[in-house]
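The values are calculated or read from the model by the stated rules, or taken from the named source; none is laboratory data. Keep in mind that what you see is a predicted model, and the values were worked out from it rather than measured. We place every Cβ from the backbone using ideal geometry, glycine too, and count neighbours over all the protein chains shown.
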Amino acid sequence: MLDPYKIREDFPILKRKINNHPLIYFDSAATSQKPRQVIEAIKEFYEKHNANVHRAVHTLSQEASELYENAHEEVAKFINANGMEEIIFVRGTTEAINLVAYAWGLRNLKREDEVLVTLMEHHSNIVPWENLSKINGFQVKYAEVKDDGTLNYEAFENAISDKTKIVCLPHVSNVTGVINDVKRVVKMAHECGSLVLVDGAQSVPHLPVDVKDLDIDFLAFSGHKMLGPTGIGVLYGKRRVLEEMEPFHGGGEMIREVTFDTITRRCSISWNDLPWKFEAGTPNTCGGVGLMAAVKYLKDVGMENVKAHEETLTGYVMHLVQECKKVRIHGPKDASVKCGIIPFGVDGLGSHDVALFLDGYGIMIRSGFHCAQPLHEKFKLKSSARVSFYVYNTREEIHRFVDVLKETERF
Ligand SMILES: Cc1ncc(COP(=O)(O)O)c(C=O)c1O
């Protein structure tokens, strides 16, 4: 099992006091805190190896390129991809999904086609498809979510047809923490000849994810939610699918040759190998190095341990919160069907009021729509408060949180 007290030693920020109280960070679904190992890796990169990658023959450029390539390889191993050719570094989940929409969708989706997403999507898996549908004219369909926040698989099956060209779903909901049965959806989608894009922003940081086992075509996730720095994320794609796609952005790094024909006065361009074909311009090398350190850290902790730890903390909250008469937990109450994300409300108080009250006691939680307004509308909620856990959170912190929640009720 994981020892959160030992882990906490690696996170300098957790030593802070906020409003004269020890910091309790319950907002890791928004962004995680960073361990010393990641901070040091970034510092060391700039102090010793900084140069542009794949550009020069000098020693520093060679070192930076090697580190950057190693980062791709580490990420590939982490999610059991076939190799770095299937790992594209992007800014985050949002950019990864936009990459699929514009590099794959723009060319492949026709007026008669359908894109199937779910009602529990983060806006970043809705807006790119709605925007693109205005250009290409296809229909975006929304798969239903049950009242308890779980996916309605029967409705899902009915919604998929030969018209469906891509199915998009979150592996884990960022509002309820519900873990979706991705394998089941992939089977339905592939039987209809559709691709599957999984938003792994809330799963890759919190549970073991194996892209081969799930047989998904695309997986998008963000480094900053998994102990890594901001500005770096990943799009995994099956090699065959990526090879058939045209690039997203054009510029340096993503080309093999740009030759000028003096007769036609046009340039003829050929693409670089994967994954560079999708990484135009100078990349976020240092972000890649930080992400590699984060992945190594999580591997050392063990993803099964991360999942088990969060399940224990979630179960603990569910149990203790029963003592609070005015607190309502939204979504499933069973900790085993979800990751460490719990949305809730306090009768008579808005979610921002609850969050501000908790902040007064040094407890950081999220409030609002969490970029998932359709799901809140489904739950008939104006907004919700949300706690989310990670490797550094403890039972003691949960005790403290529930004690302060009781104060909130009195307030
Ligand atoms: C499920 C889910 N998808 C996508 C995103 C967007 O991630 P990013 O802002 O890192 O691109 C988030 C962020 O909260 C998320 O939780």
Give me the pairs, please: first residue somewhere in segment 124-136 and farther than 18 Å from L375 by Cα, second residue anywhere and more than 11 Å from the ligand (Cβ to nearest atom), beta-carbon distance under 6 Å, and either six or more positions apart or on two chains. L132/A101; L132/G105; S133/V140; N136/L109
Only residues that are within 16 Å of K326 (Cβ to Cβ), in contact with a Leu (Cβ under 9 Å, 6 or more places away or on another chain) and away from the ligand (no atom under 15 Å from the Cβ): list them for segment 341-363, please. F344, G345, V346, S351, V354, F357, L358
Qualifying positions in segment 219-266 - within 16 Å of the ligand (Cβ to nearest atom) and assigned to a loop (DSSP other than H, G, I, E, B): M226, L227, G228, P229, T230, G231, I232, F248
So if I check each of E95, E74, E69, E86, which one is acidic (D, E), assigned by TED's automatic domain parsing to the domain that holds A280 and over 19 Å from the mean Cα position of the chain (by Cα)? E69
Limited to segment 152-177, what total is found for residues that are surrounded by fewer than 23 Cβ atoms within 10 Å (Cβ to Cβ) and either without any contact (Cβ under 8 Å) to a residue 24 or more places away in the chain or hydrophobic (A, V, I, L, M, F, W, C) (or both)? 7
Checked against (1) among the β-branched types (V, I, T); (2) within 16 Å of the ligand (Cβ to nearest atom); (3) not in a strand (DSSP E or B), V198 satisfies every condition except (3)
So, R366, is that one under 30 Å from P35 (Cβ atoms), surrounded by fewer than 17 Cβ atoms within 10 Å (Cβ to Cβ) and either within 16 Å of the ligand (Cβ to nearest atom) or of a type in the set (D, E, K, R) (or both) or not? no
Of the criteria (1) over 27 Å from the mean Cα position of the chain (by Cα); (2) under 30 Å from T176 (Cβ atoms), which one K34 fails: (1)
Search segment 59-78 for residues being surrounded by 22 or more Cβ atoms within 10 Å (Cβ to Cβ) and among the aliphatic types (A, V, I, L, M), and hand back the single one that is farthest from the ligand (Cβ to nearest atom). A64
Enumeration of residues in segment 161-177 that are of a type outside the set (S, T, Y), more than 11 Å from the ligand (Cβ to nearest atom) and either out of contact with any strand residue (DSSP E or B) (no Cβ under 7 Å at 6 or more places or on another chain) or assigned to a strand (DSSP E or B) (or both): D162, K165, I166, V167
Please verify whether W276 is of a type outside the set (A, V, I, L, M) and more than 26 Å from V209 (Cα to Cα), treating the condition exactly as stated. no
All conditions in (1) surrounded by fewer than 22 Cβ atoms within 10 Å (Cβ to Cβ); (2) over 27 Å from N284 (Cα atoms) are true of E85 except (2)
Is it the case that segment 90-102 has a residue that's modelled with pLDDT of 95 or more, touching a Cys at 6+ places or on another chain (Cβ under 8 Å) and within 16 Å of the ligand (Cβ to nearest atom)? yes
Residue set A41, A29; condition assigned to a loop (DSSP other than H, G, I, E, B), surrounded by 15 or more Cβ atoms within 10 Å (Cβ to Cβ) and modelled with pLDDT of 95 or more; output residue A29
Return yes or no: is A385 in contact with a His (Cβ under 6 Å, 6 or more places away or on another chain) and either of a type in the set (D, E) or crowded, with 18+ Cβ neighbours inside 10 Å (or both)? no
If I go through segment 230-241 residue by residue, how many of them are buried (at least 22 other Cβ atoms within 10 Å of the Cβ), under 24 Å from N52 (Cβ atoms) and either of a type in the set (V, I, T) or touching a Leu at 6+ places or on another chain (Cβ under 7 Å) (or both)? 3
